[in-house]
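Participant: Sending over a structure as structure tokens; questions will come in a sec.
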Amino acid sequence: MTEHREQTVVADAIDRLIDSYPPATTEAKVFWGAQFDAGLAWVDFPEGHGGLGVSPKHREMVQRHLVEADAPTWNRTANVLGIGMGAGVLAAHGTDEQRMRWLRPMFTMDDIWCQLFSEPGAGSDVAGLSTRAERDGDEWIVNGQKVWTTLAHLAKWGLLVTRTDPDQPKHKGMTYFVVDMEAEGVEILPLYQITGEAEFNEVFFSDTRIPDDQRIDDVGAGWRVAMTTLMNERVAIGGNPVPRNHGAIGVAMDTWASSGTGDQATRRELVRLWGEVEAMRLTTLRASENMKAGVPGPEGSTGKLAWADLNKEVTSFTVSMLGLEGATIPEGYALEATTYDTREIERVMSPQRHFLRSRANSIEGGTSEIMRNILGERVLGLPGEPRVDKDLPWKEVPRG
Amino acid sequence: MDSSPSFTRTEEQIMLARTVRELLETHSDPDDIREMSLTLDAFDRDTWRNLAEMGVIGLHVPEVYGGAGYGFVEMAVVFEELGRRVTPVPLVSSFVASTAILAAATEEQRSSLLPSVASGDVVATLAVFEDAHGQPGDSMTTTATRRDGGWVLTGSKRFVTDAPVADLFIVAANVDGGVGLFAVSVDNEGVSVEPVPSLDGTRPLGTVTLSAAPLGTDAYLGGQPSPNAIREALDAGVVALAQEQVGGAQRCLEMSVEYAQSRYQFGRAIGSFQAIKHMCANMLVAVEHAKSVAWHAARSLDDPEEALIAVPLAKSVCSDAYLLVAGDAIQIHGGIGFTWEHDAHLYFKRAKSTSLLFGSLGAYRDRLGDALGA
Ligand SMILES: Cc1cc2nc3c(=O)[nH]c(=O)nc-3n(C[C@H](O)[C@H](O)[C@H](O)COP(=O)(O)OP(=O)(O)OC[C@H]3O[C@@H](n4cnc5c(N)ncnc54)[C@H](O)[C@@H]3O)c2cc1C
């Protein structure tokens, strides 16, 4: 299809969807189902799998039109690991049957997904993981522990990377599965974070059985699939154009306005930060323009790192602007699992809590140190570090 | 205004950048630049002539006044390349002065002043600051008084960019209860220029003293006070400097990465050390952010409402970015980066002095705060 033709196809599909399912009177899940069936979930996916088989650059248009039509877009973060990452993995590495089975309920939020990568012994170095999967006929038997698994407590499905061949070097002996979080032998324990909530969990596998038709891609291809996952994740974090004053910086501006101190040094610092955040926002816009024009550059890779640093700085500054109020935390602390109702979260999240939560920004989805390695090596072409573990069989690599 | 002209450059703009870059790389030698930076009147006249022949000096000046009639975005491309090479040519000064003339002057004055500025035959510059901290207009002492149907100007303008090489000054003076602009030739009676050693040897500074300088009636641009013209010209200057800052910062990053790949210590390229690699990654973020705001400012100059935000934003972000990147470039080069022989100091000096020109960072942040209603 020509670019113009694609645009027409997508635009028509949007019009039909909104005509047949007026957002104002359609229940969210019904709308999402219809959106999926119309091929407007991920337009670049094949027809019948939530897409129209057009270029991914039309995603932005879909999003824009749906927002304008007041379509239900709220609360999608509760399934960000599915919609933002799992879907891309299934599109790139899944079979038709797997896509038919999982994509629609994922998109309608009937099934929540989680990502089971990190382990106590394998965080940044996720390729060092040791959760074992052993073949048993048409099934695999899984034993091991995952940690910091966001949303595991609400999830139906998990994206799981395991070690299937300990004699191979670490990047080679891994295999990727979709695991049923309700299966026997899966134990999920909340892990409380510095805010008191538990967004994430510890997940234990004890002789958990996974049917072979839930394996993604080939045996031993786990690293390749994991890389697709992480790439989707880093785009999902900090890669999306947002409106001016979105998020923490908007809260900072409001906090300044209501503080009424008028202190010039504070105001200048606030404005400096506003400028840095705006520069990041404009960079995201520039990146998506260049992407659309087919000339992607380094501007597309800086978002995650910049966002983590700035979000920490801005939220900390906001708490300072509160004066002694900043020494309190309105919600108090309570150890409880997160519900992931984002409308609720946005309503009640205090600057103090946002400040605490922001410390995770430079850890989750790849630490800022790892991001700097990636920018330095893959974008700027600087040499990698000497690696002691690269060619050793996984079982001989030192751990701790 | 995210939908105004795109961030993506047109074929023509890419060609223009390439042509200017080639010109500078073949005609403007870093050794010569260093040499010139030891003088008080650095000016690479050959390059200036070449730029003039390419029609670049009056790129933004309307065709009726002898320019090429392009938009500011094209001019921005040129400034980025100049910033990358730090060749001493007074294009920012000339651009600011011609913007002031366009904003304040009558049709007749434009027609008489602009063609020679656009052709590069006359180097013009804006002379508005009188002390190190004041804003233009603040407690200004330079005064114009009427005499014999003409004017007499008395006062002193400091920190005038490219003053030692300029032929024409656009001078702000108290007049008619406001601030007006006057076109004053360097050859005019009562005008003297004292070069002042500049931190950035590639952009000369000077003090222009007017000792009862007699001027004709037509020297008074527009024949009335024009404070907005000064603001407009300085804003254009800040945006021009932002492009230079981007070009310079990008060059510093490239130099640093090249060096980090080729310099070996402890048996490894220093770029494989994370302390160095991570510095480079931070520089990359700063450079990419600076590009976004500088280009956004360039495309916003024709949109008064967005310019209120985009101009001080460019000053704030690009100044800090260039300072960070130019400073880190010295660090990454180690001892050699601290030598006169190396280019790093040219950029470092540029970075610092540029952040101070046309108004302080604090003043622009105050303006940005005003624009945001903070
Ligand atoms: C809120 C939150 C949610 C998360 N959700 C999930 C999830 O849903 N699923 C999942 O699988 N994981 C999740 N994680 C885990 C996250 O991906 C890891 O915490 C992260 O990758 C870092 O691993 P680590 O904690 O083991 O730290 P380590 O890798 O042990 O790092 C410790 C420190 O060493 C530094 N370091 C490590 N290696 C290098 C290196 N090569 N160069 C320089 N410095 C280095 C790190 O930057 C860090 O500062 C989540 C984490 C958080 C905080």
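Participant: Using alpha carbons only, how many degrees (0 to 90, rounded to 10) separate the axis of helix B:11-27 from the longest principal axis of chain B?
Facilitator: Helix B:11-27 and the main axis of chain B meet at about 80 degrees.
Participant: Turning to a different aspect of this structure: Kindly write out, for the stretch A:140-149 in residue order, the coupling ³J(HN,Hα) from the Karplus curve 6.51 cos²θ - 1.76 cosθ + 1.60 (θ = phi - 60°), rounded to whole Hz, with x marking Gly and Pro.
Facilitator: 10, 10, 10, 9, x, 9, 10, 9, 6, 8
Participant: Let me ask something else. Over all residues in B:317-325, what is the mean tally of Cβ atoms on other chains that come within 10 Å of each residue's Cβ?
Facilitator: 2
Participant: Here is a further query. Ranked highest first by the average count of other Cβ atoms within 10 Å around their residues, in what order do B:361-373, B:26-38 fall?
Facilitator: Highest to lowest by the protection proxy: B:361-373, B:26-38.
Participant: Could you derive backbone 3J(HN,Hα) for the stretch B:204-218 from the dihedral phi with the Karplus parameters 6.51, -1.76 and 1.60 (θ = phi - 60°), listing whole Hz in sequence and x where the residue is Gly or Pro?
Facilitator: Along the stretch B:204-218, the couplings run x, 10, x, 9, 10, 10, 10, 9, 6, 6, x, 10, x, 4, 6 Hz.
Participant: Now, a different point. What list of whole percents do you get for P(r) of the stretch A:105-197, with Cα-Cα distances grouped in 10 Å bins up to the one holding the largest distance?
Facilitator: Calculated over all Cα pairs of the stretch A:105-197, the distribution is 16, 46, 31, 7, 0 percent.
Participant: While we're looking at this one, here's another question. With the other protein chains left in place, how much accessible area per residue, in square angstrom, belongs to the stretch A:3-107 at a 1.4 angstrom probe?
Facilitator: For the stretch A:3-107, the solvent-accessible area averages 46 Å² per residue.
Participant: If you put +1 on each Lys and Arg Cβ and -1 on each Asp and Glu Cβ, how big is the dipole of the stretch B:228-372 around its Cα centre, in Debye rounded to 20?
Facilitator: Computed about the Cα centre, the dipole is about 540 debye.
Participant: While we're on this one: Ignoring ligands, DNA and RNA, how much accessible area is buried between chains B and A, both sides summed, with a 1.4 Å probe, to the nearest 100 Å²?
Facilitator: Approximately 3700 Å², summed over both chains.
Participant: Taking the Cα centre of the protein assembly as shown as origin, work out the dipole magnitude from +1 charges on Lys and Arg Cβ and -1 charges on Asp and Glu Cβ, in debye rounded to 20.
Facilitator: I would put it at about 1040 debye.
Participant: Also, I was wondering about something else. Under the √(5λ) rule applied to the eigenvalues of the Cα gyration tensor, what semi-axes describe the equivalent ellipsoid of the stretch A:169-304? Give them in Å, descending.
Facilitator: 42, 24, 11
Participant: Any idea what % of Cα-Cα pairs in the protein assembly as shown are farther than 42 Å?
Facilitator: So the portion of pairs separated by more than 42 Å is 40 percent.
Participant: Before rounding to the nearest 500, sum -39500 (n - 2.57) across all DSSP H runs of length at least 4 in chain B and divide by the residue total; then give [θ] at 222 nm in deg cm²/dmol.
Facilitator: Value at 222 nm, helices only, nearest 500: -17000 deg cm²/dmol.
Participant: Can you find, among A:Asn373, A:Leu17, A:Leu40, the residue farthest towards the positive end of the dipole of the protein assembly as shown? Put +1 on the C-beta of Lys and Arg, -1 on that of Asp and Glu.
Facilitator: Of the candidates, A:Asn373 comes out farthest on the positive side.
Participant: Something else: On alpha carbon coordinates alone, what is the Rg over Rh value for chain A, Rh being the Kirkwood radius?
Facilitator: Rounded to two decimals, Rg over Rh is 0.97.
Participant: Continuing with this model, one more query. Of the peptides A:270-278, B:264-272, how do they stack up when ordered by the mean number of other Cβ atoms within 10 Å, highest first?
Facilitator: Listed from highest to lowest mean packing, they are A:270-278, B:264-272.
Participant: Moving on to the next point. Any chance you could give the angle, 0 to 90 degrees and rounded to 10, that helix B:107-118 forms with the longest Cα principal axis of chain B?
Facilitator: Orientation of helix B:107-118: about 30 degrees from the principal axis.
Participant: Around B:Ala127, which amide H atoms from residues at least 5 apart in sequence, or from another chain, sit under 5 Å from its own amide H, with H modelled in the peptide plane?
Facilitator: Distant-sequence amide H within range of B:Ala127: B:Ile170, B:Val171, B:Ala172.
Participant: If you don't mind, there's one more thing I want to ask. For the pair A:Lys29/A:Asn143, report the inter-label distance in nm, with labels modelled 7 Å from Cα in the Cβ direction.
Facilitator: Here the answer is 3.9 nm between the modelled labels.
Participant: Suppose every K and R has +1 on its Cβ and every D and E has -1 on its Cβ; what is the size of the dipole of the stretch B:11-118 about the Cα centre, in Debye to the nearest 20?
Facilitator: So the magnitude is around 200 debye.
Participant: So, one more: Dipole of chain B (Lys/Arg Cβ +1, Asp/Glu Cβ -1, origin at the Cα centre): which of B:Pro30, B:Phe266, B:Leu40 lies farthest to the positive side?
Facilitator: Towards the positive end, the residue furthest out is B:Phe266.
Participant: Continuing with this model, one more query. Calculate the FRET efficiency for A:Ile329 and A:Lys395 from the Cβ-Cβ distance with a Förster distance of 51 Å, rounded to the nearest 0.05.
Facilitator: After rounding, the FRET efficiency stands at 0.65.
Participant: While we're looking at this one, here's another question. Would you mind listing how long the stretch A:315-400 runs along its three principal axes, going by Cα atoms, in whole Å with the largest first?
Facilitator: Each principal axis gives a Cα extent; for the stretch A:315-400 these are 53, 31, 25 Å.
Participant: Per the Kirkwood definition applied to all pairs of different Cα atoms, how many angstroms is the hydrodynamic radius of the stretch A:227-379?
Facilitator: Here the Kirkwood hydrodynamic radius works out to 16.9 Å.
Participant: Mean 1/r over all different Cα pairs, inverted: what Kirkwood radius does the stretch B:11-118 give, in Å?
Facilitator: In the stretch B:11-118 this quantity evaluates to 14.4 Å.
Participant: Compute the FRET efficiency between B:Gln224 and A:Asp19 as 1/(1 + (r/R0)^6), taking r as their Cβ-Cβ distance and R0 = 45 Å, and round to the nearest 0.05.
Facilitator: It comes out at approximately 0.15.
Participant: In cubic angstrom, how much convex hull volume per residue do the alpha carbon atoms of the stretch B:61-214 span?
Facilitator: Measuring per residue, one finds 117 Å³ for the Cα hull of the stretch B:61-214.
Participant: Show me B:113-126, B:59-72 ranked by packing, highest mean number of other Cβ atoms within 10 Å first.
Facilitator: B:113-126, B:59-72
Participant: Also, I was wondering about something else. Provide Rg and Dmax in Å for the stretch B:124-278, with only Cα atoms included in the calculation.
Facilitator: 21.9, 79
Participant: On each of the three principal axes of the Cα atoms of chain B, give max minus min coordinate, whole Å, ordered largest first.
Facilitator: Cα extents, longest axis first: 79, 45, 39 Å.
Participant: Using the beta-carbon distance between B:Asp187 and B:Ser111 and R0 = 22 Å, what value does 1/(1 + (r/R0)^6) give for FRET efficiency, to the nearest 0.05?
Facilitator: My answer for the efficiency is 0.60.
Participant: Give the angle, between 0 and 90 degrees and rounded to the nearest 10, that separates the Cα long axis of helix B:344-356 from the longest principal axis of the Cα atoms of chain B.
Facilitator: So the inclination is approximately 40 degrees.
Participant: Just to confirm a number: summing +1 for Lys and Arg and -1 for Asp and Glu over residues other than A:Ala337 whose beta-carbon lies under 11 angstrom from that of A:Ala337, what do you get?
Facilitator: Taking every other residue near A:Ala337 into account, the sum is -3.
Participant: Now for a separate question. What net charge is computed for the residues neighbouring A:Gly260, neighbours being all others with C-beta under 15 Å from the C-beta of A:Gly260, Lys and Arg scored +1, Asp and Glu -1?
Facilitator: -2
Participant: Further, regarding this structure: Give me the inter-chain shielding for B:272-281: mean count of other chain Cβ atoms within 10 Å, whole number please.
Facilitator: 6
Participant: Tell me which residues come under 5 Å, amide H to amide H, from A:Leu191 once H is placed; ignore anything under 5 positions away on its chain.
Facilitator: Residues meeting the criterion, in which the H sits 1.01 Å from N, are A:Phe200, A:Asn201, A:Glu202.
Participant: Now for a different question. Could you state the number of Å between the C-alpha centres of the stretch A:1-66 and the stretch B:202-227?
Facilitator: So the two Cα centres are separated by 62 Å.
Participant: With no solvent and one equal point scatterer placed on each C-alpha of the stretch A:3-107, evaluate the Debye formula and give log10 I(q)/I(0) for q = 0.13, 0.22, 0.24 Å⁻¹, two decimals.
Facilitator: At q = 0.13, 0.22, 0.24 Å⁻¹ the computed log10 ratios are -0.43, -1.25, -1.44.
Participant: Apply the Karplus parameterisation 6.51 cos²θ - 1.76 cosθ + 1.60, with θ equal to phi minus 60°, to every residue of the stretch B:83-99 and state each ³J(HN,Hα) to the nearest whole Hz, in sequence, with x for glycine and proline.
Facilitator: Ordered by residue, 3J(HN,Hα) equals x, 5, 9, 6, 5, x, 9, x, 6, 4, 4, 5, 5, 5, 5, 5, 5 Hz.
Participant: State the answer as a single residue: which of A:Phe200, A:Asn290, A:Leu159 lies farthest towards the positive end of the charge dipole of the stretch A:148-297, with beta carbon charges of +1 for Lys and Arg and -1 for Asp and Glu, about the Cα centre.
Facilitator: Of A:Phe200, A:Asn290, A:Leu159, it is A:Asn290.
The values are calculated or read from the model by the stated rules, or taken from the named source; none is laboratory data. A quick note: this is a predicted structure, and the numbers were derived from the prediction, not measured. Because the Cβ atoms are built from the backbone with ideal geometry, glycine has one as well, and the counts that use them run over all protein chains shown. Protein only, heavy atoms only, side chains kept; ligands, DNA and RNA dropped before computing areas. Shrake-Rupley method; radii C 1.70, N 1.55, O 1.52, S 1.80 Å.
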